[in-house]
Amino acid sequence: MEVTLIAVVGVASIVAVAAFSQRLGLAAPLSLVVVGIALSFVPGVPVVELEPEWVLAGVLPPLLYSSAVNMPAQDFRRDIKAIGGLAVLLVAVSTLGAGWFVHLLMPDIGWPAAFALGAVVSPTDAVAATSVGRKLGLPSRLLTLLEGEGLVNDASALVLLRSAVAALAGAVSLWGVAWQFVFSVVVAVAVGVVVGLVNVRVRALLDDTVLNTAISFVVPFVAYVPAEEFDASGVLAVVVTGLVTGHLSPRLLRAQDRIGEAMNWRTLAFLLESTIFLLMGLGLKTLLDEAHTHDNGLGAGRVVLYGLALTGLVIVVRMVFVVPLVAMVRRDERRAAAAKPLIERMQERLEAAFDGDDRFTPRKRAHIERRVHRVGADIDFRLTETLGWRGGVVLAWSGMRGAITVAAAQTLPEDTPYRAQLVLIAFVVAVTTLLLQGLSLPAVIRTVKIPGDDPQRLRDEYGRLITEMSEAASDALDEATAGGAVDPSIVDRVRRDSLMRTRDEQKDGEGADAADGDGPAPDPAGTDEMRASYMRLRLAVVAAEREALLDARTHGAYSSRALSGVQSVLDLEEARLQQLGDRLDT
């Protein structure tokens, strides 16, 4: 009964704090940490201890999977160099720098324990940063960098932590660490790709949204467990599985299955994230008591000062690292500008070479054109969605640590020198960066006045994409009704109901549709045969629109925001038609 009461009160508190945070314009994780810290000192509040392995193996995989599924694979691929720099190289630099600094402050703990703590405080948590950034309209590319870093850096840090813990027993070398890292990445990617492909293929065989969503809940663990059994990175395998699943789902899974899954995963991720941040705050009093019990000549106040000093170091290291990172991105932009005329000439030559040339099969020609168009689209992306010094400032100040840092610290072996002090230092780093940088990030964003995505460009992309899809839909309808076998009135109704318009056109047409009563009516009056013909044609049109959308995504000519916006509209329409078809069948 006590556990049930705690769970009920906990969920109610999470919802209340999140709703209150929205009114104040704060990120919910920040508020939950503050509330948790305050409650930890209230007499009578029960101490809820969560085993760190439960966090790393039970909570982290579904959270990473939920984020990875929604990460556009196209954006992740285009910024893989910058994401890799933040998630791998910066983690390694932070681990070395923090380890050196901790050993300087506490030489008695030894180098392995110092580097273990360095690995613990090296990964950032992008939850608070992205929640703030979206509210304040950060550009999509900057959000992609933050989310991509948050997806991968946990894997890098945990691999380094594992190596440092092994070094506590004298069982590791520098080459061993390098080999273990490469091995972990290769095996994790392989496991993630296989699980992602099997996941989508198996779920495509199901016609029940509940069953489909139920399977998706275990997919992160299906990827995590075998990767860990192979001594690879389970969290990286989960991320790759999510990326593969998110990329293939629009092609293989039903729209209503994906909509239902997305809503359930959003709820689950919200509860898991919020619970972790609340428990993170609630753990402060316990950590202080443990540090006091295992004093080892270091008072809790001194340990907190060490934590604040380490916080300053990791913040400075990130700021210094971002400078060459932004310079590298700017260099790639200059190279893209220089390469653009070359790609344009190559496209012209290909078109001339293909005209009247039978040496290329249609499949080979499509493959070459797709590759060239993708390179051209990548160049346009770098020239359009640039990352200047303003973005660099926001990126440098978005290095908040989170609950994973605290959980990872608590996995240190019990015989680690000064273990209680090291865990408290990790907690101080996590809470200080989370509150200091998280609360001040909105002011930083407003001060640097970083521009968001160009709304006019997004509207133009949206209109062009809808035009392409509408043309494909019209061709599909003409092909399906060739020969006049379908009642012309049904064809006209399908053509009118299938018309996709830009948002401006939709707004202008709302009054007219309301006045003449010609809004979409997917169940026209008539015989069952007429209804069946209508549904068959409507679904054929939607399938043609989806294929055109996926082709546009493959060529990379449109931004992910435009693609996701149109896909959401198409998913809702397809789900509505599928549900209606199910009703008519019954």
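Rolling a 1.4 Å probe over the protein heavy atoms leaves Trp265 with an accessible area of roughly 10 Å².
Once fully extended, how much extra length lies between His292 and Leu39, figured as 0.36 nm per residue of separation less the alpha-carbon to alpha-carbon distance? Can you show the working numbers first?
Working: separation 253, 0.36 × 253 = 91.08 nm, distance 1.97 nm.
Answer, rounded to one decimal: 89.1 nm.
Between Arg330 and Arg464, residue separation times 0.36 nm minus the direct Cα-Cα distance comes to 45.4 nm. With N counted as the residues of region 221-323, its alpha-carbon radius of gyration over 2.2 N^0.38 Å works out to 1.64.
Would you work out the relative contact order for the chain, in percent, from Cα pairs under 8 angstrom that are 6 or more residues apart? Spell out each step's value before the answer.
Details: 725 pairs, mean separation 118.9, N = 586.
Contact order relative to length: 20 percent.
Helix 300-354 against the longest principal axis of the chain: what's the angle in degrees, Cα atoms only, rounded to the nearest 10? Compared with the principal axis, the helix lies near 30 degrees.
Taking only protein heavy atoms into account and a 1.4 Å probe, give the accessible area per residue of the chain in Å². Don't jump to the answer; show the numbers that get you there.
Working: 28010 Å² over 586 residues.
Heavy-atom accessible area per residue stands at 48 Å².
Ordering of 457-465, 302-310, 416-424, 67-75 by packing is 416-424, 67-75, 302-310, 457-465, highest average first (other Cβ atoms within 10 Å, averaged per residue). Can you pull the Rg over Rh of region 398-446, Cα-only, Kirkwood? So for region 398-446, dividing Rg by the Kirkwood Rh gives 1.14.
Leu24 to Glu471: FRET efficiency via 1/(1 + (r/R0)^6), r the Cβ-Cβ distance, R0 56 Å, to the nearest 0.05? The partial results should precede the final answer.
On the way: r = 47 Å, r/R0 = 0.85.
Calculated transfer efficiency: 0.75.
Can you give the translational diffusion coefficient of the chain in µm²/s, computed by Stokes-Einstein from the Kirkwood radius over Cα pairs at 20 °C and 1.002 mPa s? Taking Rh from Cα pairs, D becomes 81 µm²/s. For region 44-109, the square roots of the Cα gyration tensor eigenvalues, ordered a ≥ b ≥ c, give a/c of at least 1.5 with a/b no greater than b/c, which places it in the oblate category.
For the pair region 31-52 / region 231-263, the C-alpha centres are spaced 34 Å from each other.
The modelled label-to-label distance between Ile368 and Trp175, using points 7 Å beyond Cα along the C-beta direction, is 4.7 nm.
Within a Cβ distance under 14 Å of Val323, other residues only, what is the Lys/Arg minus Asp/Glu net charge? Present the calculation step by step, with values, prior to reporting the outcome.
Details: positive: Arg318, Arg330, Arg331, Arg390; negative: none.
Net charge around Val323: +4.
Among rounded, prolate and oblate, which fits region 88-230 when a ≥ b ≥ c are the square roots of the eigenvalues of its C-alpha gyration tensor, a/c under 1.5 means rounded, and a/b larger than b/c means prolate? It is oblate, given that a/c is not under 1.5 and a/b is not larger than b/c.
Working note: Cα atoms of region 331-427, range along each principal axis, descending, whole Å: 76, 34, 17. The lysines within cross-link reach of Lys135, meaning a Cα-to-Cα straight distance under 16 Å and a gap of 8 or more places when in the same chain, are Lys449. Using only the C-alpha atoms, the convex hull of region 1-121 corresponds to 192 Å³ per residue.
Using a Förster distance of 35 angstrom, determine the FRET efficiency expected from the C-beta separation of Leu268 and Leu305, and round it to 0.05. The partial results should precede the final answer.
Values: r = 39 Å, r/R0 = 1.11.
After rounding, the FRET efficiency stands at 0.35.
Cross-link reach is defined here as a Cα-Cα straight distance under 22 Å, omitting same-chain residues fewer than 8 places apart; for Lys81 the lysines meeting it are Lys340.
The values are calculated or read from the model by the stated rules, or taken from the named source; none is laboratory data. Quick caveat, the model's predicted, so the values are computed rather than measured. With ideal geometry, Cβ positions are generated from the backbone for all residues, glycine too; neighbour counts draw on all protein chains shown. We work out accessible area using only protein heavy atoms, side chains counted, and drop any ligands, DNA or RNA first. Shrake-Rupley method; radii C 1.70, N 1.55, O 1.52, S 1.80 Å.
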